[in-house]
Every structure is written in C-alpha cells, then in structure tokens.
Amino acid sequence: MSLNSVMDWIDEVSGSEYIWFVKYLSGNDTLANGSHQAGPYIPKQIMFGLFPSLKDTGEKNPKVSLDAFVDSHSDAREVHVTWYNQGRRNECRMTRWGGASSPILDPESTGALTVFAFDRRPKENNAVCKIWVCRHALEEEIVEERVGPVEPGRNGWRLWSRRSELQQDFLGNRTTFRSSCFLDANEIPNDWLRDFPSPKVLFEKSIEWGPDDSTGVDERLMKRRRCEYQIFQSIEEAVTLPLVRDGFNNLDDFIATAQTVLQRRKARSGRSLELHVRQILIEEGLQEGRHFSSQPETERGKNPDFVFPSEANYKDFDFPSSKLNMLAVKTTTRDRWRQILNEADRISEKHLLTVQEGISLNQFNEMSENGVRLVIPEPLRDKFPMTIQSNLISLESFIADIRVRAI
C-alpha cells in the first residue's frame, strides 16, 4: 500500500461516529517477549465507555465480541474485548487474535504506532473496530499530524475524536491516570495561561516536582518524564479546552488553533528525553565539556545527542577512537534507530537509549549486526523478549561505565 492508503484510511475513519485509541504496541501487547497477555492493553475506562455491559455484568472475566479489521494488513477476524477482573489482574485487553499470524500479535509489530478506530454506531451484531498498524515512520508521522505526538508506555496513549465532547465522556475523571504532577486549573500560574511555557520550563518544573537525585537513575528518569508530561497535559487542557468549548468563527481559526496545539506537542516531545538524560548525567557527577558533550558537531552536519568524553576529544585525532562513546536518545526506535548509524563516524559501537516498551527479536538482531547497543530504563526490561534481556543495558549501568572511563 502507498502513503495515500493510510491518508485515505484516516479520512474514512475520521467521521464523528468514530473514536480513536492510539498507542505504540509494547512487547506485552504482541508476542515479542513471550508473555501470555494475548492482546493489546486498553484502559478499562475506555472499554467500559464503549462496552457498558462489561462493567455491568457480575461475571468473572467478562467479554464482548468485536469485528476487527486490520486494514493496514488486509486482515479481518472476530476478537474479544476481555475484562480480566480476577486475582491481581484488573485490566482490559483485546484477545483472540489467532497468534503470531495476526499483524497485531506479530513480534515485528512491537513498537508500531497503532490506531484502533471504534465505530460508535449501533450494530445489530458485533461492534466494529478498524485498525491501522503503522508500517514505517512516515505513516506514524501522518497519524501524529492528526492526534499529536504519542508517548510509548502504558500511559502514553491518546484518545481522539472529531467530537471533543466525546473524548471527555470517555476520559471522565482523568486524575485516576495521573500522579500529583497533574495540576487543577486554579494551581496553574496565570503567566502559563497567557504564554504557554517552553519545553525547557516544563522540564525544569518536572525536576523541581519530581523525584530528587537520591532516587535510582532509571526510576528517576521514568518518573520525571511522567511528571513533565502530566504538567504539560494540565496546562494544555486549561488553555485549549475553553477555546474548543466556545467554538470557532470559521475554519481558518480552527485550523490555526489545531496547528498550534500539534506544534506545541511536537516541541515538547522532541526535547524531553534529551533534557532529562543531560540532567541525570550532571547529577551523577559527569561534567559537561569534560566528561560529555551534548549535541556536538562530530562531522559537518552530524550532531549526535551525546558524545563521551567530549567534542574536543572526538575532534582530536590523537585521542584513541576506542575511548570514545556516543549515546543517542529516541522515545521510539522501530524505524528511527537507523538514523544514528551515520552519526559520529569515529565511533563504531553506538549506544541508543529508548523508552519504547519492547522490540522484536529481528529488530534487536538487526540493531546488533549494525553495532547498536540498546540502553533502556530498568523498569522496562521485562517488556523485552527474555532471550535478549541480558543484552540490554540499563541507563545506570551505562553511566557507571562512562564514569569509570572518566576516572
């Protein structure tokens, strides 16, 4: 299928009768890590809104049938929406996909941005869900142009509908999804409402309000990024929702507002992970300019995220290449990891930090064959296939190695 196919598909499922749930498929969603979850996780609040009978029944592990059409891969089957309400489990998943032959459970789909477009129109038989599993980065960019940047992780999903009030109906009391970093409208400074704070300001507040440097490196990174995202959501909701509720005088005003929202989301998402990693490097005793350089120019037009020990060392050809290191940071890696292969020519083994929840064995093997070592926050380790977990490097271990080299 061509790029026109995904654009035509988006137009087809963008009517007011559809509501989208958009997420990156994790290793627990697919079969990449050998888990027995048997299908993608969707928050039960969303599923209860779509299928009230799930919540109203007194049954154990109730389920409803759903006709699922994975249009990106010309695949169709009847699946179940199951609420696992027994024991320690209390979650909803879409199940009965038929194993790895399904593009949803295929390990190669791990890390793919995926749109679940639920048709809200009443049906005589099963409900209907149309699905698009993005096959490459260009398709992901087209989807994110519509819904805004999506974060990997259990809470990084987005809900989208042409009818904004429908989103609110499903989200309900969203504080159940957020920590104390989510702010009520009366807690937001007035100057933030007048001028939306920059990504750097949001980052600085997450450092102030998130865990301090006594917390472990990997947990600190995850919690601070979550905190920053929740601060951003709070302000965005306070600034944008009144505009949506008041309506627009013309189409141009609506488009201008939508573009402002999307660009703001992209600006925050694009810098967040890099800023947090830089802060942690400094907190862990590494000096910028001496032990590491951020966004250095290694060659003309090439600017990796971090080089160790420094840009000056990199450009000194008397300094051994074997003592140089680099770290790229990307929230998702499924296709984007290849971008780092042409960065820092003197460094053959390149390290890549991601917060994506899992990759397939084939993806990992291809990275390894190209000299890419994967760095992940420790809490995400069990999201990856068991056979590669021992080859993953935690951020704390990576920093410890850099510190030893510095000494």
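Select from Val201, Val372, Val79 the residue whose mean-square fluctuation is largest in a Gaussian network model of the chain (Cα-Cα springs shorter than 10 Å).
In the Gaussian network model the winner is Val201.
In whole angstrom, how far apart do the alpha carbon centroids of the range 81-137 and the range 1-78 sit?
That distance is 3 Å.
By its C-alpha gyration tensor, with a ≥ b ≥ c as the square roots of the eigenvalues, how is the chain shaped: rounded for a/c under 1.5, else prolate for a/b larger than b/c, else oblate?
Numbers: a/c = 1.80, a/b = 1.42, b/c = 1.27.
Prolate, since a/c reaches 1.5 and a/b exceeds b/c.
With the cut-off at 23 Å, tell me which of the pairs Lys60/Lys130; Lys23/Lys60; Lys266/Lys315; Lys23/Lys330; Lys63/Lys130; Lys23/Lys383 have Cα atoms farther apart than that.
Values: Lys60/Lys130 28 Å; Lys23/Lys60 27 Å; Lys266/Lys315 32 Å; Lys23/Lys330 16 Å; Lys63/Lys130 19 Å; Lys23/Lys383 15 Å.
From Lys60/Lys130; Lys23/Lys60; Lys266/Lys315; Lys23/Lys330; Lys63/Lys130; Lys23/Lys383, over 23 Å: Lys60/Lys130; Lys23/Lys60; Lys266/Lys315.
May I ask for log10 I(q)/I(0) of the range 247-330 at q = 0.11, 0.27 Å⁻¹, from a Debye sum over the Cα atoms as equal point scatterers with solvent left out?
Log10 I(q)/I(0), no solvent term: -0.45, -1.26.
Just the isolated ones, please: cysteines in the chain lacking another cysteine beta carbon under 4.7 angstrom.
Cys92, Cys129, Cys134
Could you please report the charge total around Asp119, scoring K, R as +1 and D, E as -1 over all other residues with beta-carbon less than 10 angstrom from its beta-carbon? Please list the in-between numbers first.
Values: positive: Arg120, Arg121, Lys123, Lys130; negative: Glu17, Asp67.
Once all neighbours under 10 Å are counted, the net charge is +2.
On full extension of the chain, what length is gained from Glu91 through Ala256, given 0.36 nm per residue of separation minus the C-alpha to C-alpha distance? Walk me through the numbers before you get to the answer.
On the way: separation 165, 0.36 × 165 = 59.40 nm, distance 3.81 nm.
My answer for the length gained is 55.6 nm.
What are the residues whose amide H is under 5 Å from the amide H of Thr95, where those residues sit 5 or more places off or on another chain and H is modelled from the backbone?
Here the answer is His80, Val81, Thr82, since their amide H atoms fall under 5 Å of that of Thr95.
Which order do the peptides 295-302, 210-217, 352-359 take when ranked by the mean count of other beta-carbon atoms within 10 Å per residue, highest first? Before the final figure, lay out the partial values.
Working: 295-302: 13.1, 210-217: 15.2, 352-359: 25.9.
Top of the packing list down: 352-359, 210-217, 295-302.
Rounded to the nearest 500 deg cm²/dmol, what is the calculated helix-only ellipticity per residue at 222 nm for the chain, with -39500 (n - 2.57) per DSSP H run of length n ≥ 4?
Numbers: 13 runs with 150 residues, N = 407.
The helix contribution divided over the chain gives -11500 deg cm²/dmol.
Sort out for me the Cα centre separation of the range 274-315 from the range 341-404, rounded to whole Å.
18 Å
According to the square roots a ≥ b ≥ c of the eigenvalues of the Cα gyration tensor, what is the shape class of the range 1-85, taking rounded for a/c under 1.5, prolate for a/b larger than b/c otherwise, and oblate for the remainder?
Details: a/c = 2.25, a/b = 1.41, b/c = 1.60.
Oblate.
What are the DSSP H helices in the chain that stretch 24 Å or more along their long axis, judged by alpha-carbon atoms, and whose average Kyte-Doolittle hydropathy comes to at least -0.5? Display every interim value, and only then the final one.
Working: long enough: 217-246 (44 Å, -0.56); 251-283 (48 Å, -0.25).
Taking the DSSP H segments of the chain (at least 24 Å long, mean hydropathy at least -0.5), we get 251-283.
With each pseudo-label sitting 7 Å past Cα toward Cβ, what's the Ala137-Gln389 distance in nm, one decimal?
So the label points at Ala137 and Gln389 sit 3.0 nm apart.
With an 8 Å Cα cut-off and a minimum separation of 6 or more residues, compute the relative contact order for the chain in percent. Spell out each step's value before the answer.
Values: 690 pairs, mean separation 69.1, N = 407.
Once normalised by length, the contact order is 17 percent.
Need the full-extension length gain, Arg300 to Ser101, defined as separation in residues times 0.36 nm minus the C-alpha distance. One decimal, nm. Don't jump to the answer; show the numbers that get you there.
Working: separation 199, 0.36 × 199 = 71.64 nm, distance 4.49 nm.
Result for the pair: 67.1 nm of gain on full extension.
Considering amide H positions built from the backbone, and no H for Pro or chain starts, which residues 5 or more places from Glu299, or on another chain, come under 5 Å of its amide H?
HN-HN under 5 Å from Glu299: Ala344.
Rounded, prolate or oblate: which fits the range 290-407, taking a ≥ b ≥ c as square roots of the Cα gyration tensor eigenvalues, rounded meaning a/c under 1.5, else prolate when a/b beats b/c? Provide the component values of the computation, followed by the final result.
On the way: a/c = 2.14, a/b = 1.59, b/c = 1.34.
Taking the square roots of the gyration eigenvalues as a ≥ b ≥ c, the range 290-407 is prolate.
Suppose all protein chains stay in the model; what accessible area per residue would a 1.4 Å probe give for the chain, in Å²?
Working: 18620 Å² over 407 residues.
Per-residue value: 46 Å².
If amide hydrogens are placed 1.01 Å from N in the peptide plane, which non-local residues have theirs closer than 5 Å to the one on Thr110?
Here Ser360 satisfy the definition.
On a full-extension model of 0.36 nm per residue, what is the gain between Ala406 and Asp246, subtracting their alpha-carbon distance, rounded to one decimal in nm?
Details: separation 160, 0.36 × 160 = 57.60 nm, distance 5.71 nm.
Stretched out fully, the Ala406 to Asp246 stretch lengthens by 51.9 nm.
Considering only protein heavy atoms and a probe of 1.4 Å, how much of the accessible area of the chain is carbon and sulfur, as a whole percent? Before the final figure, lay out each step's value.
On the way: 8550 of 18620 Å².
Its accessible area is 46 percent carbon and sulfur atoms.
The values are calculated or read from the model by the stated rules, or taken from the named source; none is laboratory data. From a predicted model like this one, the values you see are computed outputs, not experimental measurements. Positions of Cβ are backbone-derived with ideal geometry, glycine not excepted, and every protein chain shown enters the neighbour counts. When the accessible area is computed, the model is the full protein with side chains, heavy atoms only, and any ligands, DNA or RNA have been set aside. Shrake-Rupley method; radii C 1.70, N 1.55, O 1.52, S 1.80 Å.
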